[in-house]
Each structure stands twice: as C-alpha cells, then as structure tokens.
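The values are calculated or read from the model by the stated rules, or taken from the named source; none is laboratory data. Everything numeric in this text was worked out from a predicted model, so none of it was measured. FYI the Cβ positions are ideal-geometry reconstructions off the backbone, even for glycines, and counts take in every protein chain you see. Heavy atoms of the whole protein, side chains included, go into the accessibility calculation; ligands, DNA and RNA do not. Shrake-Rupley method; radii C 1.70, N 1.55, O 1.52, S 1.80 Å.
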Amino acid sequence: MSDRARTALAFAIIIGILLVWTFVNKPAAPVQEAERLPPDTVVVPVNATPVPEEPAPATEEFIIVERRGIRLVLSDHGGSVASLNLKEYDIDIVPPGQHLFVSLFKDSLGNLVQPDYTVTEDSVVFIFSHAGTKVTKTYRFDHDRGFSLSIAAGGSSHVLSLKPGLNITEFENPGDDMRNFNVYVKNEKMQTLTASIKDSYAYTAKFEWFALRTKYFILAVNSTSDIDTVLFYKLSGAPAQKETRTASFGCYYMGGGSNRYGAELLGKEDMELVVLLLPMHHGVLAQYDKGYEDIASGGFWGPISRAIMAILNLMHSLIGNYGLAIMIFALLIKLVFFPLSRQMVISQHKMQAIQPELKKIQQKYKSEPQRLNQEMMHLYKTYKVNPFSGCLPLLIQMPIFFALFRTLTTSIEFRQANFMLWITDLSLRDPYYVLPISMGIMMLVQSLTTTVDPRQRLMVIFMPIVMVWIFINLPSGLQLYWFTYNILTLIEHFVVKRGGFK
C-alpha cells in the first residue's frame with residue numbers, strides 16, 4: 001500500500017467513525033430520594049387568564065408548591081400540573097401555556113369539570129363531581145424530584161392527559177434537543193417505542209413505568225395499578241411556537257429532529273402513580289433501582305463512555321473546570337498510545353525515505369503485478385517497514401473514540417459548563433469557530449511537514465477542510481478535545497522526527 005493510499009485510509013477511518021456514530025446515535029452528585037420531605041410546602045392561590053389546550057374557565061387558580069428539589073405549580077384546570085421545575089438544573093418540563101396530568105372529566109357541554117381543592121402541608125387534593133360520582137385526585141409531595149399521584153375514581157372511566165408532551169430545555173440548540181426526544185416503556189424489560197409511534201400508538205400491556213425523554217431529562221411515570229391503555233402521540237414542532245433549528249452535523253443539517261411525544265392514560269379503576277423528573281445522569285438514574293439507567297446505558301459503548309466520564313469527573317473535582325479536564329484527558333490518551341503513534345510516525349518517515357526506490361520498482365514491474373508485489377515486500381523487509389503500521393493506532397483507538405464522541409456530545413455534566421473566554425457552554429459549538437478552524441490549520445501544517453509526494457498535495461489540503469466541515473457545529477467540548485489532541489500530535493511529530501522520545 002502506498003503512502004498516499006495509507007493517508008487516504010487513515011482519514012477515511014476518522015471520517016467514517018464520526019459519520020457512523022452521528023447517524024447511529026440519535027442521544028452533580030446523586031441526591032438520595034427521601035420517603036418524606038420536611039413540611040415546607042408554600043401555597044399561593046393566584047388568579048390568571050389561561051392559555052389552555054382544553055376548554056377552561058375564564059380564570060384559573062394556581063397552587064405553588066416549593067419543595068427541596070422541585071418547584072411545582074398545580075392548577076384547577078383538570079387538577080393539572082402547570083409547571084414542574086427541577087431546581088438543580090433550573091428547567092421547566094411543562095410547555096408554556098400547557099398542562100400535564102389533566103383529568104379529562106367533562107360536563108354535558110363538553111367543558112372540563114372544575115374541581116374544588118384542599119391543601120395540607122404535604123399534599124393537595126382535587127375533588128371532582130362527575131356523573132353523580134365523587135372523584136378525588138391527590139398529589140403528595142414525598143419525593144425529592146417528583147410527587148405521588150393517586151386518583152380514586154369510584155369505578156368511573158377516566159383519562160389522565162400528558163398529551164402536550166415535554167418542553168424543550170436547550171433553547172440555544174433546540175434542534176439537537178428535539179433529536180433526542182424518545183419514549184420508553186418498562187415491563188419485563190425496557191422497550192423504546194419511538195419508532196412505533198407514527199401518529200399515535202396504543203400500549204395495552206401492563207407496565208412498571210414509562211418515560212418521556214428530552215436530550216438531558218426524563219419524566220418517568222411509575223404505576224402500581226392497572227391501567228387499561230396508554231396512548232402515545234407524535235407531536236410535530238416545538239411548543240409555544242418557539243423557533244427551532246434542525247440538528248446539525250458539520251455544515252449539513254439533518255432532519256428527524258422535529259418531533260416530540262405526548263401520552264394519555266386510560267383507566268376504569270383507581271390510579272396510583274409516582275412521577276419523577278430526572279436528569280440523564282447514569283448514577284442518578286441507577287440509584288432508584290427501577291432500570292431508568294437503561295435509558296442512559298449508551299449501548300455497546302456505554303461502559304467505556306462511563307469510564308471516560310468517571311475520569312473526567314475526577315479531574316473536574318481536582319481542578320474545577322471541565323474544559324481543562326478534557327485537555328488533560330487528551331494528554332493522557334496521547335501518552336497511553338504514544339508507543340503506537342511513535343511507531344506510526346517512524347513508519348511514515350521510513351515510507352517517505354524509500355519512496356524513490358518504491359517508484360522505481362513500480363515503474364519497472366508495472367506490467368507484472370505478482371512480481372511487483374514480491375519486490376515491494378522485499379523492499380519493505382529490507383528497510384524494516386510495515387506499510388500497515390500507520391493505521392494500527394487509529395484502529396486500536398476506535399472504541400475509545402466512539403465512546404468519547406458519545407460522552408462529549410450527550411453527557412449532562414457538560415450542559416452549561418463554562419471553560420474560559422468565549423467558550424461558556426461545552427455542550428454547544430464554538431460560537432466564533434476558533435477551535436475547529438485552528439484544528440484544521442494544525443492538521444494542514446502537520447500534513448505538509450510529513451508529506452513529500454507532490455501528488456498528495458491536493459489530499460493534504462482537502463482533508464483538513466473536510467475535518468473542519470465535520471467539526472464546525474459539534475459541541476465545543478469535542479472540538480476542544482480534538483484541538484488539544486492535534487497540538488500534541490504536531491509536537492510529537494516534530495520531536496520524533498528529530499530523534500526524541502527514544
């Protein structure tokens with residue numbers, strides 16, 4: 001294999017890794033859940049004009065509940081949740097002007113029945129009169145990141161609606177957020193239902209929990225009672241007419257990031273639910289011992305990804321900056337693979353040195369392919385050159401690169417994580433494109449200093465442009481890693497070329 005072909009193969013492997021992983025992967029210390037929190041509920045009745053998804057009274061009463069981990073706003077509009085804020089991350093999962101967990105009890109005119117309600121220090125009870133039956137709906141605030149919900153329907157059929165779906169939380173990159181919206185159900189094992197939901201999908205089997213997911217958060221609805229059916233709905237577009245960009249890969253903008261998902265629970269008996277709003281953090285999800293962590297497992301690369309994240313978290317605990325942790329991690333990877341990469345650099349230089357002899361052989365035996373291969377192998381053996389050694393370090397690093405790509409693009413630890421100067425969020429792209437362009441320049445310099453064949457000049461110039469195109473809209477955490485790795489590679493080439501690092 002010629003040096004030109006080996007270079008092309010090396011770049012093809014890198015590009016292939018990024019392309020395959022991007023298209024395949026559409027996706028704080030743990031706080032122990034308390035059985036019962038201290039009585040710190042604050043109740044504030046408010047009158048306001050609503051913007052409902054169902055017919056509602058001219059005014060609406062809200063009950064504001066402040067707990068340790070959440071801020072919950074309940075409404076008498078179907079005894080629903082008008083706001084659910086996870087304090088740890090300051091996000092509200094209810095779309096603006098919408099309601100979740102709406103009880104669709106309607107009167108003869110088709111209007112929602114407006115309930116009465118009573119409030120205690122740790123619960124709110126809504127009381128409906130429907131078809132001659134008294135129905136009670138009780139919210140109990142007994143979880144750090146959620147609540148318990150029970151409905152005593154007296155045998156009446158009823159519908160509990162989450163049809164508006166979840167709100168976008170990443171407004172700086174809503175397209176990427178929506179690209180990760182998914183639906184999961186746990187029965188004997190966890191299933192992903194997203195692909196089954198064309199417009200709507202009726203799930204009739206018994207379930208332990210179902211979850212609606214955004215990129216960084218899940219709303220888990222746990223059931224201990226029999227529910228006839230859960231209807232899942234596909235919702236197109238962002239809520240509240242928010243302007244939404246499509247998810248991007250390089251300069252290419254991908255579709256498939258325009259759907260959210262809602263649900264309705266249909267029951268004839270009493271309902272007992274536990275609702276939790278959780279971050280997509282493997283450690284936090286695992287502590288509940290419900291299998292939530294399967295959502296964040298990461299598939300085949302998950303264990304490697306979690307190991308990488310553990311290393312980055314350890315560095316962050318020591319230096320307090322995830323950007324610096326990423327740079328140190330790039331240095332560690334370079335040191336671990338230095339023996340292989342050093343051999344790759346030496347092999348490249350040897351291949352450059354024997355290029356004149358190789359060209360003579362190729363010219364002399366161009367009409368005798370078998371003899372040409374024999375002479376080339378003899379030349380490689382004489383000069384102790386392995387033409388495939390240049391690709392070996394890349395192949396060995398592939399599992400780490402796959403896992404690292406997933407870690408730096410999906411881990412909630414990098415959400416709103418500041419680095420320095422203009423990089424204020426490692427989960428977003430570099431706003432001024434300094435990192436990807438600088439990376440491309442370094443790759444160009446490295447290629448120009450290690451390539452002697454004039455026929456390869458076009459490839460030498462073209463490949464850094466392709467890499468900039470790939471990285472330009474990826475998260476700045478990943479850009480920072482590749483930028484640092486390229487600096488170290490450039491230094492390594494200069495030092496090894498001059499006989500250093502023996």
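Which condition breaks for I461 when tested against (1) open to solvent by 70 Å² or more (accessible area, probe 1.4 Å); (2) assigned to a helix (DSSP H, G or I); (3) at pLDDT 85 or above?
Tallying (1) open to solvent by 70 Å² or more (accessible area, probe 1.4 Å); (2) assigned to a helix (DSSP H, G or I); (3) at pLDDT 85 or above, I461 fails exactly one: (3).
So for segment 401-416 (the condition being open to solvent by 50 Å² or more (accessible area, probe 1.4 Å), modelled with pLDDT of 80 or more and closer than 22 Å to T214 by Cβ), does at least one residue qualify? Lay out the reasoning, then the answer.
Going through segment 401-416, the residues open to solvent by 50 Å² or more (accessible area, probe 1.4 Å) turn out to be 416.
Then keep just the ones that are modelled with pLDDT of 80 or more; that gives 416.
Narrowing further to those that are closer than 22 Å to T214 by Cβ: 416.
Yes, the conditions are met somewhere in segment 401-416.
For segment 112-128, check the following and say yes or no: at least one residue is assigned to a strand (DSSP E or B), among the acidic types (D, E) and modelled with pLDDT under 90.
Checking segment 112-128: not a single residue is assigned to a strand (DSSP E or B), among the acidic types (D, E) and modelled with pLDDT under 90.
Does segment 261-279 hold any residues that are within 17 Å of G155 (Cα to Cα), of a type in the set (D, E) and assigned to a strand (DSSP E or B), and which are they?
E272
Could you tell me which residue of segment 308-342 is least open to solvent (accessible area, probe 1.4 Å), considering only residues that are part of a helix (DSSP H, G or I) and out of contact with any helix residue (DSSP H, G or I) (no Cβ under 8 Å at 6 or more places or on another chain)?
The qualifying residue least open to solvent (accessible area, probe 1.4 Å) is A310.
What single numbered condition from (1) open to solvent by less than 40 Å² (accessible area, probe 1.4 Å); (2) closer than 30 Å to T410 by Cα; (3) at pLDDT 90 or above fails to hold for G79?
Unmet condition: (2).
Out of all the residues in segment 91-111, is one or more over 39 Å from the mean Cα position of the chain (by Cα) and either modelled with pLDDT of 95 or more or in a strand (DSSP E or B) (or both)?
Checked segment 91-111: at least one residue is over 39 Å from the mean Cα position of the chain (by Cα) and either modelled with pLDDT of 95 or more or in a strand (DSSP E or B) (or both).
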